[in-house]
1. Of the residues PHE73, PHE47, PHE105, PHE51, which is touching a residue at least 40 places away in the same chain (Cβ under 8 Å) and touching a strand residue (DSSP E or B) at 6+ places or on another chain (Cβ under 9 Å)?
2. Tell me, which residue of region 38-51 that is of a type in the set (A, V, I, L, M) and under 30 Å from ALA126 (Cβ atoms) is most open to solvent (accessible area, probe 1.4 Å)?
3. Does LEU93 satisfy being under 20 Å from CYS136 (Cα atoms) and open to solvent by less than 10 Å² (accessible area, probe 1.4 Å)?
4. Taking region 55-74 as the region of interest, how many residues are in a helix (DSSP H, G or I), surrounded by 14 or more Cβ atoms within 10 Å (Cβ to Cβ) and in contact with a helix residue (DSSP H, G or I) (Cβ under 9 Å, 6 or more places away or on another chain)?
5. Identify all residues within region 127-177 that are open to solvent by less than 40 Å² (accessible area, probe 1.4 Å), more than 15 Å from GLY29 (Cβ to Cβ) and small (Gly, Ala, Ser); write none if there are none.
6. In region 76-102, what residues are of a type in the set (Phe, Trp, Tyr) and in contact (Cβ under 8 Å) with a residue 24 or more places away in the chain?
7. Test LYS78 against the criterion of being open to solvent by 60 Å² or more (accessible area, probe 1.4 Å), assigned to a loop (DSSP other than H, G, I, E, B) and farther than 20 Å from ASN211 by Cα, and give yes or no.
8. Within region 63-93, restricting attention to residues that are charged (D, E, K, R) and within 15 Å of the chain's Cα centre (by Cα), which residue is nearest to LEU16 (Cα to Cα)?
Amino acid sequence: MKIVGMSDLHGLLPKLEDIPDCNVVIIAGDISPLYLQEKIAECAIWFGNVFIPWCETLPCDKVIIVGGNHDFFLEDIKPHFLKFGKNKKIILLKHQVYKYNHITFFGTPYVEDLPRWAFNLSLEQAEEKFSKIPNCDVLISHTPPFDAANTGRVGGYRGAVDYGSWALRNAILNKRIGLIICGHIHTGDHSLNDWFGHKIVNVSLLNEDYNMEFSPKLIEI
């Protein structure tokens, strides 16, 4: 299966010619435009009039999305599991499993210790929530795990502060997960790395100044 991963769009949608043909596009959170992120009604209009039509044009069969800490609109949506678009091409996961073509995806939007942001959990809540993550082929998490191949370090440097989640790290370290796709830390290491038997990659598109710097990442599993 060919997967194209991206995250942290903040309303900036890549050109279609920059997205390779694939089976599944994964968007790992922080989709909402910065200027709309806390305006639920206006953000809903943007999703319906801009984001969903853009997703429907992507060169793939399915688009699997999770929210991030800027996605107050997605946090507000109920029920949690929804399919969007004319042909139900877009799948929203809020700490849930989705199976497609014999591949098991699990998507979680939660972040740890970011008060007043969307999908925030305390350490204790995060430990309980992340403990429910099952074995899966692909884990889509907005936050990276702590100390996971520099995906949570600004600039991707080993000596930088790691902003990844301790609770997520401890919950998934010994689980059978083939690939972890994350974002949140815009300039975390974007290489596809090995991490304790898992593959992991940060697929954020923007840099720390919220300018487009990185390209959607093609991964084959």
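The values are calculated or read from the model by the stated rules, or taken from the named source; none is laboratory data. Just so you know, these numbers come straight off a predicted model, no measurement behind them. Using ideal geometry, Cβ is built from the backbone for each residue, glycine included, and neighbour counts are taken over all protein chains shown. Side chains included, ligands, DNA and RNA excluded: accessible areas come from the protein's heavy atoms. Shrake-Rupley method; radii C 1.70, N 1.55, O 1.52, S 1.80 Å.
1. PHE105
2. Out of the qualifying residues, it is ALA41.
3. yes
4. 3
5. Matches in region 127-177: ALA148, ALA149, GLY155, GLY156, ALA160, ALA167, ALA171.
6. PHE84, TYR98, TYR100
7. yes
8. ASP71
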